[in-house]
1. When the helix-only estimate is applied to the chain (DSSP H runs of n ≥ 4, each -39,500 (n - 2.57), divided by the residue count), what is the mean residue ellipticity at 222 nm, nearest 500 deg cm²/dmol?
2. When the Karplus curve 6.51 cos²θ - 1.76 cosθ + 1.60 is applied with θ = phi - 60°, which whole-Hz ³J(HN,Hα) does each residue of region 126-131 get, with x for Gly and Pro?
3. Using every pair of alpha-carbon atoms in region 7-92, split the distances into 10 Å bins beginning at 0 and state the percent of pairs per bin, rounded to integers.
4. Can you run phi through the Karplus equation (6.51, -1.76, 1.60; θ = phi - 60°) for region 17-28 and list ³J(HN,Hα) in whole Hz, with x for Gly and Pro?
5. Could you compute the net charge surrounding LEU124? Neighbours are other residues with a C-beta less than 14 Å from the C-beta of LEU124; K and R count +1, D and E count -1.
6. Carbon-plus-sulfur fraction of the accessible area of the chain, 1.4 Å probe, in percent?
7. Which three lengths, in whole Å and largest first, does region 12-56 cover when its Cα atoms are put on their principal axes?
8. Could you do me a favour and compute the accessible area per residue for the chain, 1.4 Å probe, result in Å²?
Amino acid sequence: TALLQLAAEGLAVSSNEHREDAPTKKVYHITPAGLAVLKAWIQADVDTPEPGHDFLMRLAWTELLELGELESILARYEEKVRVSLLMAGQADPLAPQSPGRSGRENYVWDMIAENRRCVLEAELAWIGRLRNGLGAQP
């Protein structure tokens, strides 16, 4: 749907790529107008990371729960973070599709992956501190 919308706005064009060993494939390419919009978006001011996400908002109200219920929520969240960390540790899934990447582009993609891993590792450490601290509460 997004690609169709980009094409309708003149930001991308499509073509049919005929292949001998597979069905014809529709391929989208960015237009000069699309590149201009992308470049402007890249250069636009960015928001700082927001520390409060949905999970933290929910935690603010967990006084309504029994300790076992809270522990269950924390265990489920911790498992999701662990799975995300395992997935983040996998090789860049786009790397094989992008053989033309420059050295700088490869480096930036590697650093983006490292950022994701660092955030998830910090989240796991925080969950551990939270769980340990809850155990010490009267």
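1. Numbers: 5 runs with 80 residues, N = 138.
Calculated at 222 nm, the ellipticity per residue is -19000 deg cm²/dmol.
2. Computed from phi, the couplings for region 126-131 are 5, 4, x, 5, 4, 5 Hz.
3. 12, 19, 20, 23, 17, 8, 0
4. For region 17-28, the Karplus curve yields 9, 7, 10, 6, 9, 7, x, 4, 10, 7, 10, 9 Hz.
5. +3
6. For the chain, the apolar C and S fraction of the accessible surface comes to 59 percent.
7. 51, 30, 11
8. For the chain, the solvent-accessible area averages 82 Å² per residue.
The values are calculated or read from the model by the stated rules, or taken from the named source; none is laboratory data. Here the structure is a predicted model, which is why all the values come from computation and not from measurement. So basically every Cβ, Gly included, is an ideal-geometry build from the backbone, and we count neighbours across all protein chains shown. Just the protein is used for accessible areas: all its heavy atoms, side chains included, with ligands, DNA and RNA removed. Shrake-Rupley method; radii C 1.70, N 1.55, O 1.52, S 1.80 Å.
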